[in-house]
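For reference, the structure discussed in these notes is given below.
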Amino acid sequence: MEAFAHLVNELNAADQKAANAASSAGFAYGLAAIGPGIGIGYLVGKSVEAMARQPEAAGMVRTTMFLGIAFTEALALIGFVVFILIGL
Amino acid sequence: MHSAVVHLHGSLVHLVSAAAEETVSKDPGPIVPELKELYWSIGSFVVFALLMRFWLFPKLKKGMDARYEGIRSAHESADAERSSARAEVADYEAQVAAIKAEAAREVEAARSTLEAERQAKLAEVNAKLSAQRAAAAADAQAERDAARDQIHSAVADVAGLAGELATGRRPSADVVTKVVSEVMAR
Amino acid sequence: MIAESFSFPEINSILRWQDLFVSFNKIALIAVAAGVIGIAVFLLAGRKDASKAPKGVRNLAETSVEFIENGIVMQTMGKDGLGWTPFLLSLFVFIYLCNVPGIIPLIQMPATARMAIPMFLALLVWVIYNGVGLKHQGIKYITNTIWPPGVPVALKPLVGIIEFISNIIVRPFSLTVRLFANMLAGHILLVTFALLTQSLITAETMQLMLKPMAILPFGMLVFLTAFEVLVAFLQAYIFTILTAVYIGGAAHPEH
């Protein structure tokens with residue numbers, strides 16, 4: 001407890017700002033990862049379903065799946081860049 | 001504790017980057033492109049892509065195409081050879097079949113000739129047998145008729161004599177014969 | 001103890017490099033090496049006898065050519081796009097060779113984790129696909145791009161703005177960020193687990209307990225290195241296939 005009190009006392013304005021930046025960076029990346037996570041899961045699941053249903057179309061489905069993953073993943077990566085920019 | 005932190009800062013990253021020590025300057029952000037890196041990478045990629053486009057790729061592709069063409073033509077010639085071999089096999093099989101048919105026909109002809117001869121011989125033998133049988137039957141019939149005639153005349157004599165003895169006069173031969181015939185026929 | 005003694009280094013200290021000589025640092029070295037290795041591989045491959053079954057370096061080169069032709073060009077552009085194979089092949093090889101140093105021991109720096117190469121390549125692709133569109137469709141390329149066929153007149157202003165932003169602005173941006181951020185994330189992950197391993201090994205207190213625990217982050221480091229092999233290939237593939245899709249879409253608007 002004494003150590004924490006010491007820490008709190010030591011926090012000056014710059015440290016406060018850095019702490020805020022770090023936590024908001026975490027939020028930025030975490031929130032940005034939710035949507036693409038769901039999206040990629042859904043996309044790959046559906047692709048596997050399609051490949052299982054029609055194995056002869058697997059090549060085409062796989063190509064399209066990678067394209068879809070690339071588009072979906074971009075959102076998470078933008079979140080990651082924001083994380084880098086404000087957090088580190 | 002402090003020494004541990006310092007040690008950490010001189011960590012694997014430093015070991016790993018033995019070739020180039022990292023800078024301590026932190027003016028630009030981590031996502032700002034550096035001009036010197038940009039120049040070198042542009043130069044490198046442009047040279048690579050142009051060499052690829054006008055020299056390396058066409059050369060490689062020409063070799064690949066030539067080989068694929070070779071493989072394709074070899075495939076085609078192999079196919080042609082295979083089909084000609086198939087035709088030869090079919091030809092051979094047709095000949096074999098023709099010869100087999102010929103042989104079968106000859107065998108069949110010989111067999112039918114033999115059969116005909118056999119039939120003829122059989123008929124001849126049968127005819128001979130039946131002629132002999134007919135002759136024998138005719139002989140037997142003649143014998144039987146002769147015997148019957150003898151019996152007839154003997155019975156007629158006996159009957160005539162018996163009638164003469166009974167009536168004192170001789171019945172006419174016609175009547176006796178007639179009666180005997182009737183009796184014998186009964 | 002760990003929480004106190006472990007601190008992540010300043011981000012620039014794991015990304016920026018001192019000049020080896022004037023205006024030539026490690027990233028530039030990797031980029032130049034990628035170009036040189038690519039040229040060397042295809043040069044050696046071209047030297048070998050083409051009529052025999054391909055072996056070694058020629059097999060590698062021919063496999064990559066067929067991968068680009070069958071896996072990327074035929075899937076996205078069709079037969080008309082085969083003329084783009086050399087460009088896409090050099091793009092793929094260059095990006096891959098810039099990605100792969102991220103996992104090679106003692107180098108361990110993907111050149112694409114710096115902004116320069118992804119940005120330059122994405123801008124190049126942007127110029128190329130817009131140039132192809134203008135060449136194939138003339139001035140109609142712009143209207144075809146911002147108004148997909150069958151848009152009601154009432155929606156044209158809105159759709160026009162959205163499509164313009166997504167086709168002209170977002171595409172190069174997302175191409176850049178996708179490649180850059182993937183490689184940067186992989187690099188930071190590797191650094192993190194390497195640092196964890198090292199801080200456990202060099203811990204000054206509770207050494208008996210902490211030193212054996214270093215096997216955990218080390219195992220993760222090995223796993224992530226293997227994962228980065230896949231990512232290096234996949235990002236090169238995705239950059240190339242998106243380039244093919246953009247060029248194909250600009251050349252034939254109906255697709």
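Numbers at a glance
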quantity	calculated
Tally, over region B:72-119, of residues that are of a type in the set (Lys, Arg) and farther than 30 Å from C:Ala53 by Cβ	4
Flag if C:Ile104 is surrounded by fewer than 15 Cβ atoms within 10 Å (Cβ to Cβ), within 14 Å of chain B (Cβ to nearest Cβ) and closer than 27 Å to A:Leu77 by Cα	yes
Residue under evaluation C:Leu155, criteria (1) modelled with pLDDT of 90 or more; (2) surrounded by fewer than 23 Cβ atoms within 10 Å (Cβ to Cβ); (3) over 29 Å from C:Phe8 (Cβ atoms), criterion not met	(1)
Selected residue (criterion: farthest from the chain's Cα centre (by Cα)) from residues of region C:225-250 that are open to solvent by 20 Å² or more (accessible area, probe 1.4 Å) and more than 10 Å from chain A (Cβ to nearest Cβ)	C:Gly249
Subset of region B:59-105 [away from chain C (no Cβ under 11 Å) and over 32 Å from the mean Cα position of the chain (by Cα)]	B:Arg72, B:Ser73, B:Ala74
All positions within region C:201-221 that are of a type in the set (Val, Ile, Thr) and open to solvent by less than 80 Å² (accessible area, probe 1.4 Å)	C:Thr202, C:Thr205
Residue ranges of helices (runs of 4 or more DSSP H) in region C:1-81 with at least 1 members open to solvent by less than 20 Å² (accessible area, probe 1.4 Å), of a type in the set (A, V, I, L, M, F, W, C) and facing chain B (nearest Cβ under 9 Å)	C:26-47, C:56-66
Verdict on C:Val177 being in a helix (DSSP H, G or I), within 13 Å of another protein chain (Cβ to nearest Cβ) and open to solvent by 40 Å² or more (accessible area, probe 1.4 Å)	no
Region A:69-80, subset of a type outside the set (S, T, N, Q) and over 10 Å from the mean Cα position of the chain (by Cα), residue nearest to the other protein chains (Cβ to nearest Cβ)	A:Ala70
Pick from region C:111-149, criterion open to solvent by less than 10 Å² (accessible area, probe 1.4 Å) and not aliphatic (A, V, I, L, M), ranking: nearest to the other protein chains (Cβ to nearest Cβ)	C:Arg114
Selected residue (criterion: farthest from C:Ile241 (Cα to Cα)) from residues of region A:46-64 that are surrounded by 13 or more Cβ atoms within 10 Å (Cβ to Cβ) and among the basic types (Lys, Arg)	A:Lys46
Cβ-Cβ under 8 Å pairs, at least 6 apart or on other chains, region C:96-111 side over 11 Å from C:Ile30 (Cα atoms), far side among the small types (Gly, Ala, Ser)	C:Tyr96/C:Ala232; C:Tyr96/C:Ala236; C:Ile103/C:Ala232; C:Leu106/B:Ala18; C:Leu106/B:Ala19
Meets criteria (within 14 Å of chain B (Cβ to nearest Cβ), at pLDDT below 95 and open to solvent by less than 10 Å² (accessible area, probe 1.4 Å)) for C:Ala185	no
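The values are calculated or read from the model by the stated rules, or taken from the named source; none is laboratory data. It should be emphasised that the depicted structure is a prediction, and the values quoted were computed from it without experimental measurement. No Cβ is skipped: glycine too gets one built from the backbone with ideal geometry, and neighbour counts run over all protein chains shown. Note: areas computed on protein heavy atoms with side chains; ligands, DNA, RNA excluded. Shrake-Rupley method; radii C 1.70, N 1.55, O 1.52, S 1.80 Å.
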